[in-house]
Amino acid sequence: PTKVTSELILESVDNYGVLLHEVGQQLVNLPDLNHALLEITELIKRMIGAEECEVILADKFDRLEERGIPASLVQATIRNQSANIFSSDYEESSKGMGNVSQTAQPILLVPVMIDGDVVALIFSRKSRHSSYSFYNSDLQLVLAVSNQVAMSIQRHRVEGKLLHNSNHDALTDLPNRSLFLNQLGDSIAKA
């Protein structure tokens, strides 16, 4: 067994700080939100030792059922707006960490919130052979990442709205002269 020392705790905190910095850089520097989210899930997997991880946007929540997560657990996570830790045999854990059965896969669902609405879920699953469920530090890390993802999704929405507003009339929402000239220039360039 590893003896927990203040140096080990500081090293763990430093590793999480580095991960959160990397997540922030991915969200800021990658203009494509989907690509940034893929990169972030790889970082999360590496840091918490998950076998799989994915950020699932609200319009794709049905993908969780395809992965064997009951709709009732997804709905409970959304309704309660809080993280859920459970095993693949669908018996909810005590939300505490610790040993799990060798046949069960520990699963973590963390909501991504914007203005009181769940806009995405972060799904993580450890392997069947993992001797431990998710630690409290793992949960805290994924919660911190969910806050950064929420800010990025909100920024992406605002940028999209600004782009739409710059190319459409405010009163009628019809395309404006600027959009016409941009599309005309693209058509001429293609011809």
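The values are calculated or read from the model by the stated rules, or taken from the named source; none is laboratory data. Just so we're clear, the structure is a prediction, and the values are computed from it rather than from any experiment. Every residue, glycine as well, gets a Cβ built from its backbone with ideal geometry; the counts of neighbours run over all protein chains shown. Only protein heavy atoms, including side chains, enter the accessible area calculation; ligands, DNA and RNA are left aside. Shrake-Rupley method; radii C 1.70, N 1.55, O 1.52, S 1.80 Å.
Annotations
- Residue-level analysis places residue 15 among those that are at pLDDT below 70 and either surrounded by fewer than 17 Cβ atoms within 10 Å (Cβ to Cβ) or closer than 17 Å to residue 135 by Cα (or both).
- Count of residues meeting criterion [out of contact with any strand residue (DSSP E or B) (no Cβ under 7 Å at 6 or more places or on another chain), open to solvent by 80 Å² or more (accessible area, probe 1.4 Å) and either part of a helix (DSSP H, G or I) or not hydrophobic (A, V, I, L, M, F, W, C) (or both)] in the range 166-181: 4
- When residue 37 is tested against (1) under 16 Å from residue 147 (Cα atoms); (2) at pLDDT below 70, exactly one condition is not met: (2).
Condition check ((1) under 20 Å from residue 140 (Cα atoms); (2) of a type in the set (Val, Ile, Thr); (3) open to solvent by 40 Å² or more (accessible area, probe 1.4 Å)) across all residues:
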site	(1), (2), (3)
33	no, no, no
36	no, no, no
43	yes, no, no
54	yes, no, no
58	no, no, yes
61	no, no, no
69	no, yes, no
84	yes, no, no
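- Test: residue in the range 146-165 that is under 17 Å from residue 107 (Cβ atoms) and surrounded by 13 or more Cβ atoms within 10 Å (Cβ to Cβ): yes
- Filtering the range 69-120 to residues that are acidic (Asp, Glu), at positive phi and modelled with pLDDT under 70 leaves nothing.
- Condition met for residue 127 (modelled with pLDDT of 90 or more, small (Gly, Ala, Ser) and either under 30 Å from residue 72 (Cα atoms) or within 14 Å of the chain's Cα centre (by Cα) (or both)): no
- Scope the range 121-165; condition among the β-branched types (Val, Ile, Thr), assigned to a helix (DSSP H, G or I) and under 18 Å from residue 47 (Cα atoms); matching residues: 142, 145, 149
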